[in-house]
Amino acid sequence: MTTSRRPRILAALCLTAAAALTAAGCAKQESSGTADADSTQGAQVVQSPTAAESAADGCTLQSYGAAELDLKDAVVGFSQSEKEANPFRIAETQSIKDEAAKLGVKKLLTTNAQSQLSKQISDIQDMLAQGAQLLIVAPLNSDGLEPALQAAAAKHVPVITVDRKLNATACKDYVAFLGSDFVEQGKRAADAMIEVTGGKGKVAILLGSSGNNVTTDRTKGFVDQIKAKAPELEIVAQQTGEFARDKGQQVMEQLIQSKPDITAVYAENDEMGLGAVTALKGAGKKPGKDVKVISIDGTRNAVQALADGQYNGVIESNPRFGPLAFATAQKFFAGEAIPENVIISDRAYDASNAKDSLSGAY
(Lines give C-alpha, C1' and ligand atoms only; values in the text may rest on other atoms or scores of the structure.)
Protein backbone atom coordinates (compact mmCIF):
# COMPACT_ATOMS: atom_id res chain seq x y z
CA MET A 1 0.00 0.00 0.00
CA THR A 2 1.34 3.41 -0.87
CA THR A 3 1.45 6.42 1.41
CA SER A 4 -1.38 8.86 0.91
CA ARG A 5 -0.92 12.14 -0.89
CA ARG A 6 -0.03 15.03 1.40
CA PRO A 7 -3.32 15.73 3.18
CA ARG A 8 -5.22 18.61 1.69
CA ILE A 9 -7.44 20.27 4.20
CA LEU A 10 -10.44 20.09 1.97
CA ALA A 11 -14.09 20.39 2.62
CA ALA A 12 -15.84 20.77 -0.68
CA LEU A 13 -18.86 19.08 0.81
CA CYS A 14 -20.74 22.15 1.90
CA LEU A 15 -23.73 20.48 3.47
CA THR A 16 -26.92 22.42 3.76
CA ALA A 17 -27.89 23.53 7.21
CA ALA A 18 -30.55 20.86 7.34
CA ALA A 19 -28.11 18.12 6.47
CA ALA A 20 -25.30 19.39 8.63
CA LEU A 21 -27.36 20.10 11.70
CA THR A 22 -29.30 16.87 12.11
CA ALA A 23 -26.68 14.88 13.99
CA ALA A 24 -28.04 13.01 16.95
CA GLY A 25 -25.95 14.17 19.87
CA CYS A 26 -24.87 11.48 22.28
CA ALA A 27 -23.86 12.18 25.84
CA LYS A 28 -22.52 9.45 28.08
CA GLN A 29 -23.69 9.80 31.62
CA GLU A 30 -20.92 8.83 34.00
CA SER A 31 -23.28 7.05 36.36
CA SER A 32 -25.21 5.05 33.78
CA GLY A 33 -22.84 4.64 30.86
CA THR A 34 -25.69 5.30 28.44
CA ALA A 35 -25.91 7.70 25.52
CA ASP A 36 -28.49 10.42 25.07
CA ALA A 37 -29.57 9.71 21.51
CA ASP A 38 -32.20 12.43 21.46
CA SER A 39 -29.98 15.50 21.59
CA THR A 40 -29.46 17.37 18.33
CA GLN A 41 -26.92 19.72 19.89
CA GLY A 42 -23.27 19.68 18.89
CA ALA A 43 -23.73 18.72 15.25
CA GLN A 44 -20.68 18.54 13.03
CA VAL A 45 -19.97 21.50 10.76
CA VAL A 46 -17.72 21.12 7.72
CA GLN A 47 -15.06 23.78 7.21
CA SER A 48 -15.69 26.02 4.21
CA PRO A 49 -13.24 25.27 1.39
CA THR A 50 -11.10 27.83 -0.37
CA ALA A 51 -11.69 28.50 -4.06
CA ALA A 52 -8.62 26.44 -4.94
CA GLU A 53 -9.82 23.55 -2.81
CA SER A 54 -13.28 23.68 -4.34
CA ALA A 55 -11.75 23.39 -7.78
CA ALA A 56 -9.53 20.46 -6.86
CA ASP A 57 -10.29 17.05 -8.29
CA GLY A 58 -12.13 14.70 -5.97
CA CYS A 59 -13.12 11.06 -6.03
CA THR A 60 -16.07 10.17 -8.26
CA LEU A 61 -18.13 7.05 -8.68
CA GLN A 62 -16.54 6.51 -12.08
CA SER A 63 -12.94 6.99 -10.97
CA TYR A 64 -13.47 4.69 -7.98
CA GLY A 65 -15.12 2.01 -10.09
CA ALA A 66 -18.28 1.70 -8.03
CA ALA A 67 -21.90 1.51 -9.13
CA GLU A 68 -24.80 3.84 -8.34
CA LEU A 69 -26.65 2.92 -5.18
CA ASP A 70 -29.79 4.03 -3.36
CA LEU A 71 -29.11 3.76 0.37
CA LYS A 72 -32.72 2.75 0.98
CA ASP A 73 -31.96 -0.42 -0.97
CA ALA A 74 -28.44 -0.86 0.41
CA VAL A 75 -26.62 -2.97 2.95
CA VAL A 76 -24.20 -0.70 4.82
CA GLY A 77 -21.47 -1.88 7.14
CA PHE A 78 -19.97 0.14 10.00
CA SER A 79 -16.70 -1.04 11.53
CA GLN A 80 -15.99 0.44 14.95
CA SER A 81 -12.38 0.20 16.12
CA GLU A 82 -12.54 0.17 19.90
CA LYS A 83 -14.86 -1.14 22.56
CA GLU A 84 -17.59 1.29 23.41
CA ALA A 85 -16.27 2.02 26.87
CA ASN A 86 -15.72 5.74 26.36
CA PRO A 87 -18.07 8.55 25.34
CA PHE A 88 -16.46 9.18 21.94
CA ARG A 89 -17.04 5.64 20.67
CA ILE A 90 -20.51 5.45 22.19
CA ALA A 91 -21.55 8.70 20.50
CA GLU A 92 -19.93 7.78 17.20
CA THR A 93 -21.64 4.41 16.87
CA GLN A 94 -24.99 5.78 18.00
CA SER A 95 -24.77 8.60 15.48
CA ILE A 96 -24.22 6.12 12.63
CA LYS A 97 -27.16 3.99 13.79
CA ASP A 98 -29.45 6.98 14.23
CA GLU A 99 -28.75 8.41 10.78
CA ALA A 100 -29.12 5.02 9.08
CA ALA A 101 -32.54 4.66 10.70
CA LYS A 102 -33.52 8.20 9.80
CA LEU A 103 -32.62 7.67 6.13
CA GLY A 104 -34.30 4.29 5.95
CA VAL A 105 -31.15 2.35 5.06
CA LYS A 106 -32.24 -1.17 4.13
CA LYS A 107 -29.81 -2.88 6.50
CA LEU A 108 -27.02 -1.65 8.75
CA LEU A 109 -24.36 -4.09 9.86
CA THR A 110 -22.24 -3.02 12.83
CA THR A 111 -19.11 -4.59 14.27
CA ASN A 112 -16.61 -3.70 16.98
CA ALA A 113 -12.95 -4.66 16.70
CA GLN A 114 -12.35 -4.39 20.44
CA SER A 115 -9.00 -2.65 19.76
CA GLN A 116 -7.71 -5.66 17.79
CA LEU A 117 -6.46 -4.99 14.28
CA SER A 118 -6.89 -8.63 13.19
CA LYS A 119 -10.52 -8.52 14.34
CA GLN A 120 -11.21 -5.31 12.45
CA ILE A 121 -9.88 -6.94 9.29
CA SER A 122 -12.05 -10.00 9.77
CA ASP A 123 -15.05 -7.83 10.74
CA ILE A 124 -14.84 -5.95 7.45
CA GLN A 125 -14.36 -9.14 5.47
CA ASP A 126 -17.38 -10.69 7.21
CA MET A 127 -19.57 -7.68 6.41
CA LEU A 128 -18.52 -7.92 2.76
CA ALA A 129 -19.50 -11.60 2.82
CA GLN A 130 -22.90 -10.54 4.18
CA GLY A 131 -23.41 -8.29 1.18
CA ALA A 132 -22.25 -4.88 2.39
CA GLN A 133 -22.38 -2.38 -0.49
CA LEU A 134 -20.88 0.56 1.43
CA LEU A 135 -18.43 0.52 4.31
CA ILE A 136 -17.97 3.23 6.93
CA VAL A 137 -14.79 2.47 8.85
CA ALA A 138 -13.33 3.98 12.01
CA PRO A 139 -9.78 2.60 11.63
CA LEU A 140 -7.97 1.29 14.68
CA ASN A 141 -4.58 2.17 13.20
CA SER A 142 -3.42 4.20 10.24
CA ASP A 143 -1.67 1.11 8.85
CA GLY A 144 -2.52 -2.57 8.66
CA LEU A 145 -5.99 -2.70 7.13
CA GLU A 146 -4.66 -3.68 3.69
CA PRO A 147 -6.36 -7.11 3.55
CA ALA A 148 -9.74 -5.57 4.37
CA LEU A 149 -9.30 -2.72 1.90
CA GLN A 150 -8.24 -5.15 -0.81
CA ALA A 151 -11.31 -7.28 -0.13
CA ALA A 152 -13.54 -4.22 -0.49
CA ALA A 153 -11.77 -3.12 -3.68
CA ALA A 154 -12.21 -6.57 -5.21
CA LYS A 155 -15.98 -6.15 -4.84
CA HIS A 156 -15.93 -2.46 -5.83
CA VAL A 157 -17.39 -1.53 -2.43
CA PRO A 158 -16.69 2.10 -1.46
CA VAL A 159 -14.97 2.72 1.89
CA ILE A 160 -15.44 5.97 3.81
CA THR A 161 -13.13 6.43 6.79
CA VAL A 162 -13.99 8.48 9.87
CA ASP A 163 -12.00 9.96 12.77
CA ARG A 164 -8.61 8.36 11.92
CA LYS A 165 -6.80 8.67 8.63
CA LEU A 166 -5.29 5.75 6.74
CA ASN A 167 -1.83 5.74 5.25
CA ALA A 168 -3.32 4.71 1.94
CA THR A 169 -4.28 6.09 -1.44
CA ALA A 170 -7.50 8.08 -1.65
CA CYS A 171 -9.92 7.11 -4.44
CA LYS A 172 -8.19 3.75 -4.67
CA ASP A 173 -8.10 2.23 -1.21
CA TYR A 174 -10.83 4.46 0.21
CA VAL A 175 -13.07 7.28 -0.99
CA ALA A 176 -12.41 9.96 1.61
CA PHE A 177 -11.45 10.73 5.19
CA LEU A 178 -13.98 12.55 7.38
CA GLY A 179 -12.65 14.06 10.57
CA SER A 180 -10.83 16.81 12.41
CA ASP A 181 -7.55 18.57 11.74
CA PHE A 182 -5.63 16.89 14.55
CA VAL A 183 -2.52 19.05 14.23
CA GLU A 184 -4.71 22.10 14.64
CA GLN A 185 -6.34 20.52 17.71
CA GLY A 186 -2.89 20.16 19.26
CA LYS A 187 -2.04 23.77 18.48
CA ARG A 188 -5.28 25.00 20.01
CA ALA A 189 -4.65 22.88 23.12
CA ALA A 190 -1.21 24.49 23.36
CA ASP A 191 -2.71 27.96 23.05
CA ALA A 192 -5.16 27.13 25.84
CA MET A 193 -2.31 25.79 27.97
CA ILE A 194 -0.24 28.91 27.41
CA GLU A 195 -3.17 31.08 28.42
CA VAL A 196 -3.91 29.27 31.69
CA THR A 197 -0.24 28.88 32.71
CA GLY A 198 1.01 32.26 31.60
CA GLY A 199 3.42 30.41 29.34
CA LYS A 200 5.57 29.14 32.20
CA GLY A 201 5.87 25.85 34.06
CA LYS A 202 6.46 22.15 33.56
CA VAL A 203 3.98 20.16 31.49
CA ALA A 204 3.48 16.44 31.07
CA ILE A 205 1.85 14.98 27.95
CA LEU A 206 -0.41 11.94 28.19
CA LEU A 207 -0.10 10.47 24.71
CA GLY A 208 -2.80 8.52 22.92
CA SER A 209 -2.33 5.03 21.53
CA SER A 210 0.49 4.45 19.07
CA GLY A 211 0.09 3.60 15.41
CA ASN A 212 -2.49 6.20 14.39
CA ASN A 213 -2.33 9.72 13.04
CA VAL A 214 -4.44 11.18 15.82
CA THR A 215 -1.72 10.69 18.44
CA THR A 216 1.06 11.74 16.08
CA ASP A 217 -0.70 14.89 14.93
CA ARG A 218 -2.02 16.02 18.30
CA THR A 219 1.47 15.65 19.73
CA LYS A 220 3.12 17.52 16.87
CA GLY A 221 0.65 20.38 16.97
CA PHE A 222 1.05 20.84 20.72
CA VAL A 223 4.83 20.46 20.92
CA ASP A 224 5.54 22.72 17.95
CA GLN A 225 3.21 25.44 19.23
CA ILE A 226 4.70 25.37 22.73
CA LYS A 227 8.24 25.63 21.32
CA ALA A 228 7.25 28.52 19.09
CA LYS A 229 5.15 30.54 21.51
CA ALA A 230 6.10 29.57 25.09
CA PRO A 231 9.73 28.45 25.44
CA GLU A 232 9.47 28.81 29.23
CA LEU A 233 6.76 26.15 29.32
CA GLU A 234 8.92 23.04 29.55
CA ILE A 235 7.66 19.66 28.38
CA VAL A 236 9.16 17.32 30.98
CA ALA A 237 7.41 14.01 30.18
CA GLN A 238 5.58 12.25 27.36
CA GLN A 239 4.01 8.89 28.21
CA THR A 240 1.16 6.97 26.65
CA GLY A 241 -2.11 6.47 28.44
CA GLU A 242 -3.59 4.59 25.47
CA PHE A 243 -6.61 6.94 25.30
CA ALA A 244 -7.98 5.18 28.43
CA ARG A 245 -9.03 6.70 31.74
CA ASP A 246 -7.55 3.99 33.95
CA LYS A 247 -4.21 4.06 32.15
CA GLY A 248 -4.18 7.84 32.19
CA GLN A 249 -4.64 7.69 35.94
CA GLN A 250 -1.86 5.12 36.34
CA VAL A 251 0.59 7.13 34.26
CA MET A 252 -0.26 10.32 36.13
CA GLU A 253 0.27 8.59 39.47
CA GLN A 254 3.72 7.53 38.32
CA LEU A 255 4.54 11.00 37.02
CA ILE A 256 3.51 12.61 40.31
CA GLN A 257 6.18 10.47 41.97
CA SER A 258 8.89 10.88 39.34
CA LYS A 259 8.15 14.50 38.38
CA PRO A 260 6.62 16.10 41.49
CA ASP A 261 7.16 19.61 40.13
CA ILE A 262 4.74 19.15 37.19
CA THR A 263 2.45 22.16 36.95
CA ALA A 264 0.36 21.22 33.93
CA VAL A 265 -0.98 18.21 32.02
CA TYR A 266 -1.93 17.95 28.36
CA ALA A 267 -4.00 14.84 27.75
CA GLU A 268 -4.65 13.83 24.15
CA ASN A 269 -8.19 12.80 25.02
CA ASP A 270 -10.63 13.58 27.81
CA GLU A 271 -10.62 10.10 29.29
CA MET A 272 -6.90 10.31 30.07
CA GLY A 273 -7.39 13.84 31.36
CA LEU A 274 -10.10 12.70 33.75
CA GLY A 275 -7.84 9.88 34.89
CA ALA A 276 -5.15 12.47 35.59
CA VAL A 277 -7.63 14.48 37.65
CA THR A 278 -8.34 11.41 39.80
CA ALA A 279 -4.62 10.82 40.29
CA LEU A 280 -3.97 14.43 41.25
CA LYS A 281 -6.78 14.39 43.80
CA GLY A 282 -5.40 11.16 45.24
CA ALA A 283 -2.04 12.86 45.70
CA GLY A 284 -3.59 15.75 47.58
CA LYS A 285 -3.25 18.19 44.69
CA LYS A 286 -5.98 20.43 43.33
CA PRO A 287 -6.50 19.79 39.60
CA GLY A 288 -7.34 22.98 37.77
CA LYS A 289 -5.43 25.03 40.33
CA ASP A 290 -2.21 23.36 41.50
CA VAL A 291 -1.91 21.54 38.20
CA LYS A 292 -3.58 22.86 35.06
CA VAL A 293 -5.34 20.29 32.84
CA ILE A 294 -6.09 20.64 29.13
CA SER A 295 -7.45 17.82 26.95
CA ILE A 296 -9.16 17.05 23.66
CA ASP A 297 -12.59 15.52 22.93
CA GLY A 298 -15.46 17.48 24.42
CA THR A 299 -17.12 14.80 26.54
CA ARG A 300 -19.75 15.89 29.00
CA ASN A 301 -17.71 14.63 31.95
CA ALA A 302 -14.69 16.75 30.97
CA VAL A 303 -16.78 19.85 30.28
CA GLN A 304 -18.49 19.34 33.65
CA ALA A 305 -15.08 19.11 35.34
CA LEU A 306 -14.19 22.37 33.60
CA ALA A 307 -17.38 24.00 34.85
CA ASP A 308 -16.53 22.73 38.35
CA GLY A 309 -13.07 24.31 38.28
CA GLN A 310 -11.14 21.02 38.21
CA TYR A 311 -10.12 21.41 34.58
CA ASN A 312 -8.82 24.32 32.52
CA GLY A 313 -9.73 23.72 28.88
CA VAL A 314 -11.14 21.24 26.38
CA ILE A 315 -10.76 21.24 22.59
CA GLU A 316 -13.61 19.42 20.92
CA SER A 317 -13.24 16.42 18.62
CA ASN A 318 -16.76 15.77 17.43
CA PRO A 319 -17.71 12.07 17.04
CA ARG A 320 -21.18 12.55 15.56
CA PHE A 321 -20.29 11.29 12.07
CA GLY A 322 -23.64 9.77 11.09
CA PRO A 323 -25.14 12.68 9.12
CA LEU A 324 -21.86 13.64 7.44
CA ALA A 325 -20.92 10.06 6.54
CA PHE A 326 -24.27 9.28 4.93
CA ALA A 327 -24.51 12.69 3.25
CA THR A 328 -21.05 12.06 1.78
CA ALA A 329 -22.16 8.63 0.56
CA GLN A 330 -25.30 10.04 -1.03
CA LYS A 331 -23.31 12.68 -2.90
CA PHE A 332 -20.78 10.07 -4.02
CA PHE A 333 -23.45 7.68 -5.31
CA ALA A 334 -25.14 10.60 -7.07
CA GLY A 335 -21.96 11.18 -9.07
CA GLU A 336 -20.49 14.13 -7.21
CA ALA A 337 -16.74 14.40 -6.64
CA ILE A 338 -15.69 13.89 -3.02
CA PRO A 339 -12.51 15.56 -1.69
CA GLU A 340 -9.83 13.39 -0.13
CA ASN A 341 -10.18 15.12 3.25
CA VAL A 342 -13.49 16.42 4.59
CA ILE A 343 -12.46 18.41 7.64
CA ILE A 344 -14.87 19.43 10.37
CA SER A 345 -14.66 22.45 12.66
CA ASP A 346 -14.25 21.86 16.39
CA ARG A 347 -15.32 24.16 19.19
CA ALA A 348 -13.30 25.03 22.30
CA TYR A 349 -14.52 24.96 25.91
CA ASP A 350 -13.07 27.12 28.68
CA ALA A 351 -14.11 28.44 32.07
CA SER A 352 -16.20 31.18 30.46
CA ASN A 353 -18.50 28.90 28.45
CA ALA A 354 -18.34 25.43 30.01
CA LYS A 355 -21.49 25.66 32.13
CA ASP A 356 -23.61 27.01 29.29
CA SER A 357 -22.15 24.51 26.79
CA LEU A 358 -22.87 21.29 28.64
CA SER A 359 -25.89 20.50 26.47
CA GLY A 360 -23.66 20.39 23.39
CA ALA A 361 -21.11 18.03 24.94
CA TYR A 362 -21.47 14.26 24.53
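The values are calculated or read from the model by the stated rules, or taken from the named source; none is laboratory data. Nothing here was measured: the structure is a model prediction, and the numbers come from that model. All Cβ positions, even for glycine, are placed from backbone atoms using ideal geometry, and neighbour counts span all protein chains on display. Ligands, DNA and RNA are stripped out before the accessible areas are found, and what is left, the full protein with its side chains, is counted by its heavy atoms. Shrake-Rupley method; radii C 1.70, N 1.55, O 1.52, S 1.80 Å.
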Estimated FRET transfer efficiency (Lys102, Asp246; beta-carbon r; R0 25 Å; 0.05): 0.10
Just the number, please: percent antiparallel of the DSSP beta bridges in the chain, rounded to the nearest 5. 15 percent
Mind checking segment 66-133 for GluC sites (Glu not before Pro) that DSSP puts in a loop (not H, G, I, E or B) and that have at most 10 other Cβ atoms within 10 Å? Glu68
Among all the lysines, which ones have a C-alpha under 18 Å from Lys285's C-alpha, if same-chain residues fewer than 8 places away are not counted? Lys202, Lys259
Quickly work out the Ser118-to-Lys289 label distance, labels modelled 7 Å from Cα along the C-beta direction, and quote it in nm with one decimal. 5.1 nm
Cα-based convex hull, the chain, per residue volume (Å³, whole number): 127 Å³
Once Gln238 and Asp73 are pulled to full extension, the length gained, defined as 0.36 nm per residue separation minus their Cα-Cα distance, is 54.5 nm
Please list, ordered by chain and number, the residues whose modelled amide H lies under 5 Å from the amide H of Val162; skip anything fewer than 5 residues away on the same chain. Val137, Ala138, Leu178
Solvent-accessible area per residue for segment 137-178 (1.4 angstrom probe, square angstrom): 27 Å²
Rounded to 10°, Cα long-axis angle of helix 117-129 versus longest principal axis of the chain: 20 degrees
Considering only protein heavy atoms and a 1.4 Å probe, what is the carbon-and-sulfur percentage of the accessible area of segment 260-324? 44 percent
Over the C-alpha atoms of segment 95-175, what are the Rg and the largest Cα-to-Cα span, Dmax, in Å? 12.1, 33
Mean accessible area per residue over segment 263-362 (1.4 angstrom probe, all protein chains present, square angstrom) is 28 Å²
Rg followed by Dmax, in Å, when segment 74-210 is reduced to its Cα trace: 17.4, 57
Reach of Lys289 by Cα under 15 Å, taken over aspartates and glutamates that are not fewer than 8 positions away in the same chain: Glu195, Asp261, Asp308, Asp350
Please enumerate, by chain and number, the lysines with C-alpha under 24 Å from the C-alpha of Lys72, excluding those fewer than 8 residues away in the same chain. Lys97, Lys102, Lys106, Lys107, Lys155, Lys331
On the accessible surface of segment 69-160, probed at 1.4 Å, how many percent belong to carbon and sulfur atoms? 48 percent
Which cross-chain or sequence-distant (5 or more) residues have an amide H under 5 Å from the amide H of Ala170, H modelled 1.01 Å from N in plane? Arg5
I'm a student and want to see the number: the projected area of the Cα convex hull of segment 190-320, averaged over all directions, in nm². 7.1 nm²
Expressed to one decimal in nm², the mean projection of the alpha carbon convex hull of segment 288-341 is 4.8 nm²
So the FRET efficiency between Ala85 and Ala351, C-beta based with R0 = 30 Å and rounded to 0.05, is 0.55
Jot down the radius of gyration and Dmax of segment 147-253, Cα atoms only, both in angstrom. 17.5, 56
If amide hydrogens are placed 1.01 Å from N in the peptide plane, which non-local residues have theirs closer than 5 Å to the one on Val265? Ala204, Lys292, Val293, Ile294
